[in-house]
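To start, the structure itself, in structure tokens.
The values are calculated or read from the model by the stated rules, or taken from the named source; none is laboratory data. Being a predicted model, the structure only gives us computed values, none of them experimental. Please note: Cβ atoms are built from the backbone with ideal geometry, for glycine as well, and neighbour counts cover all protein chains shown.
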């Protein structure tokens, strides 16, 4: 049996909930309850739960779109300058951390197991990091013994440093020096 399409008001409410949830998670992380997101969106909690029965499903809708945007931008970086792409991507992800705490939490595995909840998004994200590393290794700008886990760990660390310290120019240079052959 085919699902009926959503009514126009339901489509608007769903879009409003997604927008408010994205803004809220970005600003405050994943600890914000669904009831608070509903209040901020100006809808009842039942409306949120009808569209997203769990917080994981709400977050999944948000993160899948963000990861798609980030993987697309990473691929553009490879086309522009394969040797520098991994470093530019790291800096972009650190900049994202300054404005999107929800994404930082997801990447770090805080409050949500991204591998379980968003396996396709996690696979795509790690895949694009692998592409960046391989391009850098072929260009001679990334050590041959560096892998995806190393870069993801360094990214999460740089994101934390950005929150703690603000300016990460020196820390980034130390990371870059460590990744360079």
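Numbers for the structure displayed
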{"read-out": "Counted residues, segment 42-60 - those being surrounded by fewer than 17 Cβ atoms within 10 Å (Cβ to Cβ) and within 17 Å of residue 11 (Cα to Cα)", "value": "8"}
{"read-out": "Conditions (1) in a helix (DSSP H, G or I); (2) in contact (Cβ under 8 Å) with a residue 12 or more places away in the chain; (3) surrounded by 13 or more Cβ atoms within 10 Å (Cβ to Cβ): number failed by residue 27", "value": "(3)"}
{"read-out": "Flag for residue 36 being farther than 27 Å from residue 93 by Cα and touching a residue at least 12 places away in the same chain (Cβ under 8 Å)", "value": "yes"}
{"read-out": "Scope segment 119-143; condition surrounded by 21 or more Cβ atoms within 10 Å (Cβ to Cβ) and either out of contact with any helix residue (DSSP H, G or I) (no Cβ under 7 Å at 6 or more places or on another chain) or modelled with pLDDT under 90 (or both); matching residues", "value": "121, 125"}
{"read-out": "Options 75, 88, 66; residue that is free of Cβ contacts under 8 Å to residues at least 24 places away in the same chain, assigned to a helix (DSSP H, G or I) and in contact with a helix residue (DSSP H, G or I) (Cβ under 7 Å, 6 or more places away or on another chain)", "value": "88"}
{"read-out": "Count of residues meeting criterion [part of a loop (DSSP other than H, G, I, E, B) and without any contact (Cβ under 8 Å) to a residue 12 or more places away in the chain] in segment 164-181", "value": "2"}
{"read-out": "Residue within segment 42-56 that is at pLDDT below 85 and assigned to a helix (DSSP H, G or I) present", "value": "yes"}
{"read-out": "Enumeration of residues in segment 123-163 that are more than 30 Å from residue 60 (Cβ to Cβ) and either under 16 Å from the mean Cα position of the chain (by Cα) or assigned to a helix (DSSP H, G or I) (or both)", "value": "136, 137, 138, 139"}
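Per-residue answers, yes or no, for (1) more than 14 Å from residue 26 (Cα to Cα); (2) outside the structural domain of residue 8 (by TED's automatic domain parsing); (3) modelled with pLDDT of 85 or more:
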residue: 58; (1), (2), (3): no, yes, yes
residue: 69; (1), (2), (3): yes, yes, no
residue: 72; (1), (2), (3): yes, yes, yes
residue: 76; (1), (2), (3): yes, yes, yes
residue: 79; (1), (2), (3): yes, yes, yes
residue: 83; (1), (2), (3): yes, yes, yes
residue: 87; (1), (2), (3): yes, yes, yes
residue: 90; (1), (2), (3): yes, yes, yes
residue: 94; (1), (2), (3): no, yes, yes
